[in-house]
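Some notes on the structure that comes next.
Please treat every number below as a calculation from the coordinates, not as lab data. It should be emphasised that the depicted structure is a prediction, and the values quoted were computed from it without experimental measurement. Positions of Cβ are backbone-derived with ideal geometry, glycine not excepted, and every protein chain shown enters the neighbour counts.
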Amino acid sequence: MGGLAILLIVVLYVALAVWLVVRMNGWRRKAVVGLIAFLLPTADGFLGRKYVEHLCAKDGGLKVYRVVEGVEGVLGLAPDRQTLKRTGYRFVEIDRATVDPKRAYWRIEQLPDGQIQQEFDAKPRAKYIVETKHGGTGFPTHIAISDLQVRELASGELAARFRMYSGGAGLAERFLAQFTGAGYAQGAECAAPVQPVGPDELAMQVLHPPRH
């Protein structure tokens, strides 16, 4: 059904464009109307993609503002043994209130004797947090911004961030996506040399655990 709807819309649009071109007097008017008919559903998508490329080149990817030594624990990483082993932190914790308002912080910690201790209603001890913030632009560009940040909790000062831009799909693409089941037209996104960075990797680059 979605494919038939798209085909019908495209056929009707092309038929309308041809009808308008035929009605125009003179080749210049015909050319102008034909060009407008071609650019109307495609120009904003082209410009949107170019704008995404511009943002990625200017402000996308990894930016490190400072490196901190001797960080014992971090808020925002997965509280499990694998995270402790992979990162070298003595503890990691998450704010469970984001999932359940009645819950407090969940911390997993490696004690001096090597034992692993978990606390499910703990008071936070981490001085730094790793979190992702989402934003974006509205009409006409419709670009999504994903900002993975490492910052100090007390001051809010950024230690590092990894930013990705995506979107920029044109009006026609966004409209047709509603009929395909996709629901969202992806458009463009930051590509190489901007390589994805995960929360653990970003934290480890700027928050160095104590040396044993």
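Under a point spin-label approximation (7 Å from Cα along Cα-to-Cβ), what is the A31-Q115 distance to one decimal in nm?
If labels sit at A31 and Q115, their model points lie 8.5 nm apart.
Give, in nm to one decimal, the length gained when the segment between K58 and Q205 is fully stretched (0.36 nm per residue of separation minus the Cα-Cα distance).
50.8 nm
Show me the trypsin sites (Lys or Arg not before Pro) within the range 54-127 that DSSP assigns to loop and that have at most 15 other Cβ atoms within 10 Å of their Cβ.
Counting only loop positions with at most 15 other Cβ atoms within 10 Å, the trypsin sites (Lys or Arg not before Pro) in the range 54-127 are R66, K102, R103, R125.
Going down the list K50/K133; K50/K127; K58/K85, which pairs span over 29 Å between their C-alpha atoms?
K50/K127; K58/K85
Going by amide H atoms built from the backbone, whose H comes under 5 Å of the H on A159, apart from near neighbours?
V150, R151, E152
Using the beta-carbon distance between E72 and F46 and R0 = 45 Å, what value does 1/(1 + (r/R0)^6) give for FRET efficiency, to the nearest 0.05?
E between E72 and F46, to the nearest 0.05, is 0.35.
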